[in-house]
Amino acid sequence: MKRCLLVFIFLVPAVLFAQRYKTVELKPIAKQGWRYYYDLKRVASPVALEVPLMALNDDEVYRYYQASKTLRGVASAVAIVPVIYLFTIPSTGYVDPTAFWLVFGGTIAAQLGITAMSHVKLGKAVDRYNTLIFQPSGNSLGLQMNWRF
């Protein structure tokens with residue numbers, strides 16, 4: 001019984017210590033075209049920006065990011081249209097080349113357009129994020145810097 005009590009006394013503080021929160025300072029997000037940089041390091045995918053963007057708990061940033069995420073999903077779903085077209089071929093097996101290339105080209109155009117809209121929404125989220133992290137707090141002396149990349 002004493003051993004269990006000793007183990008409990010020594011393990012509980014260790015477990016509680018492991019659950020501490022660590023605060024991290026938010027860094028600005030820079031963008032160049034469709035490339036994003038966080039802390040001067042290139043972000044491999046816009047999905048990686050979710051953590052700093054959601055850390056602000058701002059409704060507008062959240063809305064823009066979610067719209068961007070939804071549009072990326074729609075762009076991925078549009079890629080299946082040529083495959084569906086090929087599976088709907090009648091039993092004769094004849095594929096009209098003109099129709100196929102129109103479907104294929106339309107799919108590519110739709111994907112590019114939807115991806116562009118997704119990046120516009122993500123850009124708005126990044127702009128709002130940068131504006132919020134650079135606003136001076138209520139008890140700071142008033143010098144504010146804004147810049148656009």
Of all the residues that make up segment 70-121, how many are among the charged types (D, E, K, R) and either surrounded by 13 or more Cβ atoms within 10 Å (Cβ to Cβ) or under 17 Å from W34 (Cα atoms) (or both)? 2
In segment 88-108, the residues that are over 15 Å from V78 (Cβ atoms) and either outside any helix (DSSP H, G or I) or aliphatic (A, V, I, L, M) (or both): T88, I89, P90, S91, T92, G93, Y94, V95, D96, A99
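Values in this text are rule-based calculations from the coordinates and carry no lab data. Just so it is clear, the model here is predicted, and its values are computed rather than measured. We place every Cβ from the backbone using ideal geometry, glycine too, and count neighbours over all the protein chains shown.
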